[in-house]
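First comes the structure, then the notes that go with it.
Any read-out appearing in this document is the output of simple, stated calculations on the displayed coordinates, not a laboratory observation. Note that this is a predicted model, so its numbers are computed, not measured. Every residue, glycine as well, gets a Cβ built from its backbone with ideal geometry; the counts of neighbours run over all protein chains shown.
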Amino acid sequence: MTTIQVAGESIDTRHYINGQRVASAETYANTSPIDGSFLGDISRGGEHEVNLAVAAANAAFKGWAAMGPKKRGEILLRLAELVEENIETLAQLETMDNGSLLRSHRRGVMPRVAMNIRFFAEWAINDLHHEVFETRGHTNNISWDPSGVCALITPWNAPLMLATWKIGPALAAGDTVVLKPAEWTPLSASYFADLTKQAGVPDGVFNVVQGFGKEAGAALVAHKNIARISFTGSVPTAKTIARAAADNLTPVSFELGGKSPLLVFEDADLNLAAELAVEQYDNAGQVCLSGTRILVHESVADEFAAKFAERAAKIQQGDPRDENTDIGPQIHQVHFDRIKGFVDRAKAEGANIVMGGEPNTELGGLFFKPTLVKNPAADSEIVTAEVFGPVLCMQTFSTDEQALEMANGTEFGLAAVVVSGKRAHADRITKELVAGTIWVNCFFVRDLRAPFGGSKKSGIGREGGNWSFDFYADVKNTVVSPNGWKE
Ligand code: NAD
């Protein structure tokens, strides 16, 4: 079987290379995190399929690059429309595949997928320019030229959303693409490939190779004909990719993990703070940006904790297809066991687990209860390592200096949430925080014009607006003399 049925549509389980479906001799079983049901046998790519895809992308590059942003934009805008026309199918299949909420996919995520494509197509047409400036009469003319084949490697926690943050600017810049989706969530990329075909994206411009990181992923990032590697995933994988990229000096963009702080100051609106804190369980805690370390001023800690507990008790865990569900299952048994391992080790060390701390046995399967660890030791694993599950830690501080020291005292620097009622106070704090994105009295507001990325071990580079094109394109300066002209 090379297709599976979701929402009345056929989803192909093979690679998409040069506009054609290509099968591998070997496959792997893909199951749904919701109930463990078998979804389909997915083609398991390796070096051979990667070579085919990179060759196709290389062959298609010249034509796509030569088209220019306007003509490419017409095709990409059609692609964005097709995503919008197929939101229901995309939402259902993504939920089946990764267990995130169907309502979020329908109303938030898939519309954003369309936006990711549309935004960068329009940006390339309207906003990608630099004012010409003179140096002793010579003009500096800056342009963003297509760079070649981009290797895009993505995780499972928001598969198509994260993939299109990369696909959008890469295609709009005139590059061609080989996407390697996460092995646990292959379906939305496959269906998206069909939409690229329908939109008129020329064969070879967009390719998908399915398979495992150590096989398809490793072959892709080591390929010598890759112009850019854009990777979203974990720190250990990033280190492996960086080593492979070093051999060819391939530029990399890395969006990695986090252990972000959520700071609640003594002047904060504690109802807002509690709401924002409970939001950190969204997507069953499988969000790189989650503020998993809640740091509260000691004078308001008890009141905040009571408000948090009241709200957290209302979290509905269950089938992500149910409109009333707030959080669904973890992605996979392997990941579930990893999360449980973190919590079990914390328990063994005597951590004070005041909520959850165990699988939800009523639901069975891959459901882990929202968990809160109170006042863990500062150097304990549960506070320092990224769990990537519904596990939050709560610690207290007594001064701003201590809060900043705790907030910045991590190898990560992806995001931070600050809850304070006084602007000058919040300004002082945000200035000192080390993070790619800081949200003040809010969470998850993301504008594609803004830079996005991580400090320290949370990433290399920034994407969004011009930052994306600075990475995906070859930025060129042509200096033209006022002399030597015959016409
Ligand atoms: P992962 O690093 O295990 O895998 C990510 C991708 O890399 C997958 O497609 C995988 O197949 C591939 N891969 C694995 N080994 C590879 C190799 N040797 N060569 C090439 N590719 C390889 O990460 P994950 O478990 O899928 O995702 C969770 C991680 O992603 C967390 O750390 C999370 O914080 C991070 N993340 C970061 C962001 C961000 O924007 N900063 C967003 C989402 C997730």
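Overview of values
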item	result
Candidate set from region 35-60 (those that are in a helix (DSSP H, G or I) and not aliphatic (A, V, I, L, M)); member that is farthest from L220 (Cα to Cα)	N58
Selected residue (only one of G341, G364 is within 25 Å of G413 (Cα to Cα) and among the small types (G, A, S))	G341
Count of region 1-22 residues which are surrounded by 16 or more Cβ atoms within 10 Å (Cβ to Cβ) and closer than 21 Å to D203 by Cα	11
Whichever residue in region 374-384 is surrounded by 15 or more Cβ atoms within 10 Å (Cβ to Cβ) and of a type outside the set (D, E) and, among such residues, is farthest from K457 (Cα to Cα)	K374
Cβ-Cβ under 6 Å pairs, at least 6 apart or on other chains, region 243-258 side of a type in the set (S, T, Y), far side near the ligand (Cβ under 10 Å from one of its atoms)	T250/I229
Residue match in region 109-117 (condition: over 27 Å from Y472 (Cα atoms) and in a helix (DSSP H, G or I))	no
Which numbered condition S143 fails, given (1) surrounded by 24 or more Cβ atoms within 10 Å (Cβ to Cβ); (2) assigned to a strand (DSSP E or B); (3) more than 16 Å from the ligand (Cβ to nearest atom)	(1)
Some residue of region 156-166 being part of a strand (DSSP E or B) and surrounded by 24 or more Cβ atoms within 10 Å (Cβ to Cβ)	no
Residue that is surrounded by the fewest Cβ atoms within 10 Å (Cβ to Cβ) [pool: residues in region 446-467 that are small (G, A, S) and near the ligand (Cβ under 10 Å from one of its atoms)]	G453
Among the candidates A173, A218, residue that is more than 9 Å from the ligand (Cβ to nearest atom) and of a type in the set (A, V, I, L, M)	A173
Test: residue in region 212-219 that is surrounded by 19 or more Cβ atoms within 10 Å (Cβ to Cβ), within 20 Å of the chain's Cα centre (by Cα) and of a type in the set (D, E)	no
Residues located in region 3-30, provided they are of a type in the set (S, T, Y) and free of Cβ contacts under 8 Å to residues at least 40 places away in the same chain	T3, S10, T27
Region 259-276, residues that are touching a residue at least 40 places away in the same chain (Cβ under 8 Å), assigned to a helix (DSSP H, G or I) and small (G, A, S)	A273
Selection within region 221-247 - among the small types (G, A, S), within 9 Å of the ligand (Cβ to nearest atom) and over 17 Å from G45 (Cβ atoms)	G233, S234, A238
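Here's the yes/no breakdown for (1) aromatic (F, W, Y); (2) in contact (Cβ under 8 Å) with a residue 40 or more places away in the chain; (3) within 15 Å of the ligand (Cβ to nearest atom); (4) part of a strand (DSSP E or B):
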position	(1), (2), (3), (4)
C288	no, yes, yes, no
A306	no, no, no, no
E310	no, no, no, no
E323	no, yes, no, no
I331	no, yes, yes, no
A346	no, no, no, no
L363	no, yes, no, no
A377	no, no, no, no
E386	no, yes, yes, no
